[in-house]
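Presented below is the structure to which this report refers.
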Amino acid sequence: MRRRPLIHASALAAFLPLAALSARWPEQPLRWVVPFAPGGTTDFVTRMLAQALAPLLGQSVVVDNVPGRSTVRGVKQVADAPADSYAWLSVTNSLCANETLMRRLPYRLHDLQPVSAMARSEHVLVAYPGSGLKNVADIVAQYESGRALSYASFGAGSSAHLAAELLKTILGTPGIVHQPYSGEAPALAQLLQGKVALMFGTWPQLRSAIAEGRLNALGVASEKRSVFAPQLPTLGEQGASVESASWNGVMAPAGVDEAVVQQMNQAINAVFQMPSVQDVLQAQGLVAIAGSTERFAQFLRSEVKRNADLIYRAGIAFED
């Protein structure tokens, strides 16, 4: 079956002059690495962006899923790529957390340069219905009764991992076991089969399963109730003040011509300003957060510090 386009061609017409910003670039298709397995939120956002960028840039954008070692494998491929402006990378919280969590990284953060943020989704704590977990109090009660509990994450250092470890610290439930997977989609698949009891996930991946009763929504990890589910209490309302979200952005190898980086930034921002794109994001429970390269660079620096503080506070073990 032919996949229905996420963005209709007519929605791109007003932005096509962007393709004329540079007569010399791009001259060949672009490779875009997603360091997760297919099917997760970052994969979804990247593929939507790639579809919209192709007519703007006049070249196809090929998305390449390269999961492994908590995004390190995919990130390294782009960090090591030539600075010829044809390799691009989608990044998430893991990029920042790995700066503290990983003892030995095969790249340095300065091997990459920021381009733009993309989108954000607040986290929802969900449980497999067969676990009997319906709220935060149930987690504590089952843990104290001696029942073995585990949770899935998108990988060590992912936002879902750190959120769950912080929750364990707040609740005093250190024995809940972490089961990392190579992305949100495979983690969710294990949760839906009852292989694990809990997971922090994003609205795009969870909304249908919650609505169909295949998952129990326990609470949203935000300061205020979500506009996407105003009836769902926050975790803070239940005595566990965990605020967490998944975000994604774009990086390039260090040394890519600044004019090309700015052209890509302008194109990305144009895509996320399209009403049709914003409609798709809103329908999935996502919010566009694209902006300047400078703003994204500042955000990354703050995220490295925030993640380091969280990792030390929660006592998360370092990875080799």
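The values are calculated or read from the model by the stated rules, or taken from the named source; none is laboratory data. This one's a predicted model, so the numbers in the text were calculated from it and none came from an experiment. Ideal geometry is used to build each Cβ from the backbone, glycine not excepted, and the neighbour counts take in all protein chains shown. To get the accessible areas, we keep the full protein, side chains included, count just its heavy atoms, and leave off ligands, DNA and RNA. Shrake-Rupley method; radii C 1.70, N 1.55, O 1.52, S 1.80 Å.
Need at least 3 residues that are farther than 19 Å from Gly315 by Cβ and not small (Gly, Ala, Ser) per element, so show me which helices (runs of 4 or more DSSP H) inside the range 120-224 make the cut, counting only ones lying wholly within it.
Working: elements: 136-144, 159-171, 184-192, 203-211.
Passing ranges, in order: 136-144, 184-192, 203-211.
Can you name the residue in the range 74-99 that is part of a helix (DSSP H, G or I) and polar (S, T, N, Q) and is also nearest to Asp111 (Cα to Cα) among such residues? Before you say what the answer is, go through the steps one by one.
Restricting attention to the range 74-99, the residues satisfying the condition of being part of a helix (DSSP H, G or I) are 74-79, 93-99.
After this cut, where a residue has to be polar (S, T, N, Q) as well, the list is 77, 93-94, 98.
Details: Gln77: 11, Asn93: 17, Ser94: 16, Asn98: 14 Å.
Among them, the one singled out is Gln77.
Please work out which residue is nearest to Ser159 (Cα to Cα), limiting yourself to the range 73-114 and to residues that are of a type in the set (Lys, Arg) and in contact with a Pro (Cβ under 9 Å, 6 or more places away or on another chain). Before you say what the answer is, go through the steps one by one.
Initial filter on the range 73-114 (of a type in the set (Lys, Arg)): 73, 76, 103-104, 108.
In the following step, the residues that additionally are in contact with a Pro (Cβ under 9 Å, 6 or more places away or on another chain) were identified as 73, 76.
Working: Arg73: 18, Lys76: 20 Å.
Selected residue: Arg73.
Please give the number of the condition Val115 fails out of (1) farther than 24 Å from Glu294 by Cα; (2) open to solvent by less than 30 Å² (accessible area, probe 1.4 Å).
The one condition Val115 does not meet is (1).
Being under 23 Å from Pro275 (Cα atoms), modelled with pLDDT of 95 or more and open to solvent by less than 70 Å² (accessible area, probe 1.4 Å) is the requirement here; does Leu53 meet it?
Taking the combined requirement at face value, the residue satisfies it.
Yes/no per residue for (1) closer than 21 Å to Ser90 by Cβ; (2) surrounded by fewer than 19 Cβ atoms within 10 Å (Cβ to Cβ); (3) without any contact (Cβ under 8 Å) to a residue 12 or more places away in the chain:
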position: Phe200; (1), (2), (3): yes, no, no
position: Trp203; (1), (2), (3): yes, no, no
position: Val220; (1), (2), (3): no, no, no
position: Glu243; (1), (2), (3): no, yes, no
position: Gly249; (1), (2), (3): yes, no, no
position: Ile268; (1), (2), (3): yes, no, no
position: Val271; (1), (2), (3): yes, no, no
position: Val277; (1), (2), (3): yes, no, no
position: Val287; (1), (2), (3): yes, yes, no
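Output the residues belonging to the range 290-320 that are in contact with a Ser or Thr (Cβ under 9 Å, 6 or more places away or on another chain) and either hydroxyl-bearing (Ser, Thr, Tyr) or within 16 Å of Ser90 (Cα to Cα) (or both).
Scanning the range 290-320 gives Ala290, Gly291, Ser292, Thr293, Phe296, Tyr312.
Take the conditions touching a His at 6+ places or on another chain (Cβ under 9 Å) and either among the hydrophobic types (A, V, I, L, M, F, W, C) or touching a residue at least 60 places away in the same chain (Cβ under 8 Å) (or both) and apply them to Ser226. Does it pass? Reasoning before the result, please.
Working: touching a His at 6+ places or on another chain (Cβ under 9 Å): no; either among the hydrophobic types (A, V, I, L, M, F, W, C) or touching a residue at least 60 places away in the same chain (Cβ under 8 Å) (or both): yes.
Here the answer is no, as Ser226 does not meet what is asked.
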